[in-house]
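Data first, discussion second: the structure below is written as structure tokens.
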Amino acid sequence: MKLVVVADTSPINYLLATGYIEVLPNLYGQVILPAAVHSELLDRGSSDKVRHWATALPAWISVQTPAVASQLPSGLHRGETEAIAPAEELQAGLILMDDAAGGRYALERGLTITGTLGVLVEAAQNGWVQIDLALSKLQSRDFRGTPGLHERASQLAFAKPSVLPRRKTE
């Protein structure tokens, strides 16, 4: 059984930019984009590649608007706010989010999160991605990650048994 997965903008952008977007359906099946995230991907500030992809979404993506506007902290961007709300509504098994403030808030709300690096680590554990190449591609796209974080991702990619790179509250 596949997880219900809700994605924020950043992981989608980075996975598209590095050519690894197709690991998402392999890992999770269906991925839900909140309407605000879809709008951000279509925004003229996005790259042509991202806008083109968002214009003709693959079948494994669905766009949803939260049924109830969530009262989330003012420090979060609209995409993070709208990613957390449907994740709660749908009792999502996972939320894809790179934003630190959004991630902390999602964890406080009891959600399980991972980010772009976590997705790539899981893909590497399945043999679909060479982690060193993926990390190099991320660095060339100005991905904000410390050398320690990249080293940890590289270690987790080869961990036996596999360790899911997800954070959750217990």
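Can you tell me the length gained on complete extension of the stretch Ala101 to Asn26, counting 0.36 nm per residue apart and subtracting the Cα distance?
Using 0.36 nm per residue and subtracting the Cα-Cα distance, I get 24.2 nm.
Using per-residue counts of other Cβ atoms within 10 Å, averaged over each peptide, order 135-144, 92-101 from highest down.
Ranked by mean Cβ neighbours within 10 Å, highest first: 92-101, 135-144.
Identify which of the listed values of semi-axes √(5λ) of the Cα gyration tensor in Å was calculated from the structure shown: [x] 23, 19, 15; [y] 35, 19, 14; [z] 46, 17, 14.
[x]
How high is the FRET efficiency from Glu89 to Asp132, r the C-beta distance, R0 41 Å, rounded to 0.05? Working shown, then result.
Details: r = 38 Å, r/R0 = 0.93.
For R0 = 41 Å, the calculated efficiency reads 0.60.
By DSSP, what percent of the beta bridges with both residues in the chain are antiparallel, rounded to the nearest 5? Intermediate values should be presented prior to the final figure.
On the way: 1 of 12 bridges.
If we restrict to bridges inside the chain, about 10 percent are antiparallel.
Report, by chain and number, residues whose modeled amide H sits under 5 Å from the one on Gln64, excluding near sequence neighbours (fewer than 5 apart, same chain).
HN-HN under 5 Å from Gln64: Leu33, Ala35.
Efficiency by 1/(1 + (r/R0)^6): what FRET value for Ser140 and Thr55, r their Cβ-Cβ distance, R0 = 25 Å, to the nearest 0.05?
0.50
According to a simple spin-label model (label point 7 Å from Cα along Cα-to-Cβ), what is the distance in nm between Leu164 and Asp48?
The modelled label-to-label distance comes out at 3.9 nm.
For Leu94, what residues show an amide H to amide H distance below 5 Å, using hydrogens built from the backbone and excluding near sequence neighbours?
Amide H neighbours of Leu94: Val4, Val6.
Counting other beta carbons within 10 Å of each residue's own, what order do Glu89, Glu108 fall into, fewest first?
Least to most surrounded, the residues fall as Glu108, Glu89.
Read the figures in this text as sums done on the coordinates, not as results from a lab. Because the structure is predicted, anything quoted here is derived from the model rather than measured. Virtual Cβ from ideal backbone geometry, glycine too; neighbours counted across all protein chains shown.
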